[in-house]
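Below is one structure, written out as structure tokens, with a few remarks after it.
What follows is calculated from the coordinates using simple rules that are stated; it is not laboratory data. Treat the numbers as computed from the prediction; the structure is a model and nothing was measured. FYI the Cβ positions are ideal-geometry reconstructions off the backbone, even for glycines, and counts take in every protein chain you see.
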Amino acid sequence: MLTKTEIDLIKGTVPILREHGLLLTKHFYQRMFRLNPELKNLFNMGNQKNETQQTALANSVLAYAENIENPGVLLPVLQHIGEKHTSLMITAEQYSIVGENLLASIQEVLGEGASDELIAAWGKAYTILADIMINLEKSIYIEKSSLSGSWSGWRKFVIKKKVQESEEITSFYLYPEDGKDVSLHKPGQYLSIRVFVKELGIFQPRQYSISSAPGNKYYRISVKKEVGQGVAKEDGIISNYLHNSLGEGDIVEATPPAGEFVLNLENKGPVVLISGGIGQTPFMSMLEYLAGESERREVKWIHGCRSANVHAFKNEVSDLNKKFDWLEHIVFYDDCSGSEENVKKGRVELSEVKETILLPDADYYICGPKLFLEKAIKDLAALGVDREHVFFEEFGPQTLNLN
């Protein structure tokens, strides 16, 4: 346990972390990759380039310092991180490397402001946090290994089918190369896949939501081809590689399904899905699962995207909408004639569909870009939805702060 003096030392760094946290984490990653270049195989280097990974770590370090007296309040966030780490096969030994570089970075960035006592306090605090994460991730690894069809490490999968779902989204049907079974995923979970990028000379992992129901001999992932927009955003390395360079018969590697953004199977009340763009992919898994269940739950799905041309699974969901009276699907398009059935023009405005989505005992699931999530969460709060019934998934490093 930390002493009161150590707690006070760490809390004393909170103002510095608020103002200069990003500077610290940028220095940390540069230092760690310089001294341990093999770790580049575990990190999304695109997120390093656009600084979302550094921002996420800065937020995490600050949150830990702010809650150093009661780190238990961070358990939901730590669970999210633990799922991500196990999907990348992070080991206990790698926490030592991170700790060594983080403490050195604090010392190097703060300079004379980093007393021996402060570094010792942060070292002790990091050890406590690392032990929590190592034990948490150990339990996740054990839980996954107990599932029928599961595996350990990176397993080879064959792309047996590649289907273009819209102008920018393509589905890949991944079958295990060894022909054995795959473990059941929970509706909403993702796969970590990796490919070797010759230009970088390293493996690059990415997480993609599983867009098919559990119980198949394969996993389906549906990937948006990320196209850059000027200097502000470059092409997505892996999404473009999957779209342009890989075809049926090619191989990717994957770890077992991961993620805690999953359909609550215990609550039999209504389900409200709210998605923006590629955020629809985990909801396809949820919807297909619910369609196969004998016990029906009322489902309302509000989806927003730019136009029908980029709307993946449009026909499949429309068919289910016509087939099942328990499902209602409403779409918002930025660009549309306004004459399409169940289609509204403009960005998603939950106030326009409040009569549809405000249901007793409903669970609300939101997935999409950061700004979409922020707006949807605020809009639900304004409509009186209990925060305990709202669940969300931010693709990429978690930078959304709801405090």
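Here segment 208-231 is the region considered, the condition is being part of a strand (DSSP E or B), in contact with a helix residue (DSSP H, G or I) (Cβ under 8 Å, 6 or more places away or on another chain) and in contact (Cβ under 8 Å) with a residue 60 or more places away in the chain, and the residue that is nearest to Ile159 (Cα to Cα) is Ile221. Only one entry in Phe324, Phe395, Phe332 is aromatic (Phe, Trp, Tyr) and within 23 Å of the chain's Cα centre (by Cα), namely Phe395. Given the condition under 24 Å from the mean Cα position of the chain (by Cα), of a type in the set (D, E, K, R) and closer than 27 Å to Glu374 by Cα, answer yes or no: does some residue in segment 296-311 qualify? Yes. For the subset of segment 345-371 comprising residues that are in contact with a strand residue (DSSP E or B) (Cβ under 7 Å, 6 or more places away or on another chain) and of a type in the set (D, E, K, R), which member is nearest to Thr52 (Cα to Cα)? Step by step, filter segment 345-371, then rank; the result is Lys370.
Leu9: assigned to a helix (DSSP H, G or I), farther than 30 Å from Val227 by Cβ and over 26 Å from the mean Cα position of the chain (by Cα), yes or no? Yes, satisfied. The residues listed here are Ile140, Ile106, Ile128, Ile132; of these, the one that is touching a residue at least 24 places away in the same chain (Cβ under 8 Å), within 21 Å of Gln207 (Cβ to Cβ) and part of a helix (DSSP H, G or I) is Ile140. Taking the criterion of being part of a loop (DSSP other than H, G, I, E, B) and either of a type in the set (S, T, N, Q) or more than 22 Å from the chain's Cα centre (by Cα) (or both), the residues of segment 176-207 that qualify are Glu177, Asp178, Gly179, Lys180, Asp181, Ser183, Gln189, Lys198, Glu199, Leu200, Gly201. Give the residues of segment 213-224 that are closer than 18 Å to Thr255 by Cβ and crowded, with 22+ Cβ neighbours inside 10 Å, sorted by residue number. Once the filter is applied, which keeps residues that are closer than 18 Å to Thr255 by Cβ and crowded, with 22+ Cβ neighbours inside 10 Å, segment 213-224 yields Tyr219, Arg220, Ile221, Val223. A single member of Glu266, Glu248 is part of a loop (DSSP other than H, G, I, E, B), touching a strand residue (DSSP E or B) at 6+ places or on another chain (Cβ under 6 Å) and either surrounded by fewer than 17 Cβ atoms within 10 Å (Cβ to Cβ) or of a type in the set (Val, Ile, Thr) (or both), and it is Glu248. Residues of segment 46-88 that are under 19 Å from the mean Cα position of the chain (by Cα), hydrophobic (A, V, I, L, M, F, W, C) and surrounded by fewer than 17 Cβ atoms within 10 Å (Cβ to Cβ): Leu75, Val77. Sub-8 Å Cβ pairs linking a first residue in segment 167-187 that is under 16 Å from Leu246 (Cα atoms) to a second residue that is basic (Lys, Arg) and outside any strand (DSSP E or B), at least 6 apart or interchain, are Glu168/Lys225; Ile169/Lys225; Thr170/Lys225; Tyr175/Lys217, ordered by first then second residue.
Pairs are defined by a Cβ separation below 8 Å, a sequence spacing of at least 6 or placement on different chains, a first member in segment 351-362 that is free of Cβ contacts under 8 Å to residues at least 40 places away in the same chain, and a second member that is surrounded by fewer than 16 Cβ atoms within 10 Å (Cβ to Cβ) and in a helix (DSSP H, G or I); the pairs so defined are Ser351/Ala382.
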